[in-house]
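What follows is a single structure, written as structure tokens, with notes after it.
The values are calculated or read from the model by the stated rules, or taken from the named source; none is laboratory data. This is a predicted model, so every value here is computed, not measured. Note that we place each Cβ from the backbone using ideal geometry, even for glycine, and neighbour counts take in every protein chain shown.
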Amino acid sequence: MRKSNWIIAAVLLLASVLFLWLWQALQFNLVDNPLDLVVTVVWWVIIIAACLAIHWAEKKRQERIRTIFVAPGLIYNSELGVIRLNPDTDLVEALQTVLSSLTYGFDLAELPSNSRVRFQRIVRSSKFSDAGSTWEGEVVEVAHPDQPKPFHDRRELAMLVGGARA
């Protein structure tokens with residue numbers, strides 16, 4: 001999780017401790033009311049749900065950042081921007097290099113200013129870790145966006161993007 005997510009979880013935990021202290025200080029613990037238990041359980045359910053929602057949202061945001069658009073001679077990523085490729089560049093190696101260098105920050109790179117760029121493929125990586133040893137996702141041909149092709153490792157990705165060259 002990102003630092004900001006840990007801060008939110010810490011604030012929720014501190015709020016829980018504060019509410020528990022207030023509950024004791026105001027002597028609500030002396031009242032024999034089952035509603036107290038219900039309120040406590042609901043509060044902890046809310047905290048757990050908030051932490052899970054934050055984790056899920058961060059995971060989805062990172063998946064969006066790992067999306068790479070491929071055109072002849074260049075690739076584009078929302079964090080790193082446009083990267084020009086040499087004709088002899090291994091496309092899968094270039095994709096792996098881009099994904100390995102992501103910091104998942106909140107600053108986005110500008111879109112390509114050249115309107116003539118026609119992306120041919122979109123590579124969505126749902127999982128990427130250990131410098132590509134775990135790599136899953138899908139390749140979408142721009143000409144056929146309703147037919148995504150899943151891949152489960154580097155070899156399958158290389159077959160989907162048309163071999164090893166860009």
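What the table below lists for this structure:
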item	result
Arg118 vs. criteria free of Cβ contacts under 8 Å to residues at least 24 places away in the same chain and either surrounded by fewer than 16 Cβ atoms within 10 Å (Cβ to Cβ) or among the acidic types (Asp, Glu) (or both)	no
The range 121-166: number of residues that are more than 14 Å from Val70 (Cβ to Cβ) and in contact (Cβ under 8 Å) with a residue 40 or more places away in the chain	3
Which numbered condition Val117 misses (of (1) in contact with a Lys or Arg (Cβ under 8 Å, 6 or more places away or on another chain); (2) not in a strand (DSSP E or B))	(1)
Scope the range 130-160; condition part of a strand (DSSP E or B) and either out of contact with any Phe, Trp or Tyr (no Cβ under 8 Å at 6 or more places or on another chain) or exposed (fewer than 11 other Cβ atoms within 10 Å of the Cβ) (or both); matching residues	Val140, Glu141, His144, Pro145, Asp146, Gln147, Pro148, Lys149, Pro150
Where a residue in the range 74-89 is free of Cβ contacts under 8 Å to residues at least 12 places away in the same chain and farther than 10 Å from Leu111 by Cα and its partner, wherever it lies, is of a type in the set (A, V, I, L, M) and in a strand (DSSP E or B), with Cβ under 9 Å and at least six apart	Arg84/Leu74; Arg84/Ile75
Failed item, numbered, when Thr103 is tested on (1) closer than 24 Å to Pro148 by Cβ; (2) without any contact (Cβ under 8 Å) to a residue 60 or more places away in the chain; (3) in a loop (DSSP other than H, G, I, E, B); (4) within 16 Å of the chain's Cα centre (by Cα)	(1)
Elements of type strands (runs of 3 or more DSSP E) contained in the range 1-98, each with 2 or more residues being at pLDDT 85 or above, touching a Lys or Arg at 6+ places or on another chain (Cβ under 8 Å) and among the aliphatic types (A, V, I, L, M)	68-71
Some residue of the range 102-115 being among the hydrophobic types (A, V, I, L, M, F, W, C), under 20 Å from Val161 (Cα atoms) and touching a strand residue (DSSP E or B) at 6+ places or on another chain (Cβ under 7 Å)	no
Boolean, Trp21 is exposed (fewer than 11 other Cβ atoms within 10 Å of the Cβ) and among the hydrophobic types (A, V, I, L, M, F, W, C)	yes
Out of Asp107, Asp130, sole residue that is within 30 Å of Val11 (Cβ to Cβ), among the acidic types (Asp, Glu) and out of contact with any helix residue (DSSP H, G or I) (no Cβ under 6 Å at 6 or more places or on another chain)	Asp107
So Ile48, is it without any contact (Cβ under 8 Å) to a residue 24 or more places away in the chain, exposed (fewer than 13 other Cβ atoms within 10 Å of the Cβ) and among the β-branched types (Val, Ile, Thr)	yes
